[in-house]
Ligand SMILES: [Zn+2]
């Protein structure tokens, strides 16, 4: 199927004059206005965007997007995972071209992560409606549900897009709970979704032609290269695992240094070894310990049990696998020298996603035709398009992030750059949909 898609996209790529759209009627003021209208929908006014998945703020933002989609003459439906899908029919019932991103946020996040891709998609829909454009393939403009994972467990991230790709266990919403004890299933029911129907969100690969997601860069490659638009080559692979370090808790006064099995001192050495391994390996490899729990956790007790989480990423597979092996060995060596026990459990192990080469070529030619500077970049962060790559050709565009920040209140992207990205996105989507 994939090579078939590639062939079809490549066949069209040669006739450059068919690459149209992305033209004059994309409205900078409408994009800026929509950004402002979403910015005020947050549970933490004045302190960034807090629009956790399936929360009241999320529901308010989603309702606004449904209205915008209807204004853009789309047929709107919400699938069982909560993905909002605005469809524009084509002249044939060919497989659909998808574009979109997400609206939910981390706590105290920014107003651009995900949002930019949703606003850009809707702007494309409006321009097509205004032009009364007729494409051959249908186009679906999508707001994916629950891309971020802070409310429920990490295993809930990219929930909507993974459900669409058939990658979510239908029982998952019953198993996951937020910090208040609300299950994901209850949270879904509260916003009118039926978690028992989750499997129905899965799309058959024959229904989809491709997905193109526009997103802000959550790094500084584009800003450093003074280039507004990035064409993404690969999405990083990620390995996450949990390490339990088992020592012996004992009285901090009565236990001499020579007789301790201090789980926290051992974990500290392991964490520094993880940092050193990632530094030594170099390249794009990153390794992070961002969470740690100490038990029993009292100032007068030698720690008996420490649990920490490790996140290892690289856009290439071999360096990530090598780093994970090296980290495991370091953990074992340190544990045995200190007479500590360890237990390692894998949380996730996602290989890098190689994005569609033919759609990257289409994007390059659209950007060149519009005289918008662009460059190829990898993505070091995961995105909804990565989920969909399991069932269709996937591509991503990125917009320069001058602030260099993301998942933070001071995340900022210039509206001119969003317009540039939107023009390329619309051109690519219209080209893939076919005249
Ligand atoms: Zn995002």
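Here are a few things to note about the model shown:
- Residues that are modelled with pLDDT under 95, away from the ligand (no atom under 16 Å from the Cβ) and crowded, with 22+ Cβ neighbours inside 10 Å occur in segment 145-153; there is at least one.
- The residue that is nearest to residue 254 (Cα to Cα), counting only those in segment 277-305 that are in a strand (DSSP E or B) and touching a residue at least 60 places away in the same chain (Cβ under 8 Å), is 305.
- Matching residues, segment 39-86, being surrounded by 21 or more Cβ atoms within 10 Å (Cβ to Cβ) and under 15 Å from residue 121 (Cα atoms): 62, 65, 68, 69, 72, 74, 83, 84, 85, 86
- Any chance residue 367 is surrounded by fewer than 21 Cβ atoms within 10 Å (Cβ to Cβ), more than 16 Å from the ligand (Cβ to nearest atom), modelled with pLDDT of 95 or more and not in a strand (DSSP E or B): no
- For residue 212, the stated conditions hold: it is part of a strand (DSSP E or B) and in contact with a helix residue (DSSP H, G or I) (Cβ under 7 Å, 6 or more places away or on another chain).
- Total residues in segment 383-422 satisfying the condition of being more than 18 Å from residue 110 (Cβ to Cβ), assigned to a helix (DSSP H, G or I) and within 16 Å of the ligand (Cβ to nearest atom): the figure is 4.
- Residue under evaluation residue 66, criteria (1) touching a strand residue (DSSP E or B) at 6+ places or on another chain (Cβ under 7 Å); (2) modelled with pLDDT under 95, criterion not met: (2)
- Counting only residues that are crowded, with 24+ Cβ neighbours inside 10 Å, within 20 Å of residue 211 (Cα to Cα) and out of contact with any strand residue (DSSP E or B) (no Cβ under 7 Å at 6 or more places or on another chain), segment 383-421 holds 1 of them.
- Matching residues, segment 367-381, being farther than 11 Å from residue 215 by Cα and touching a strand residue (DSSP E or B) at 6+ places or on another chain (Cβ under 9 Å): 367, 368, 372, 373, 374, 375, 376, 377, 378, 380
The values are calculated or read from the model by the stated rules, or taken from the named source; none is laboratory data. The shown structure was predicted, so the numbers you read here are calculated from the model rather than taken from an experiment. Here the Cβ is made from the backbone with ideal geometry for all residues, glycine too, and neighbour counts use every protein chain on show.
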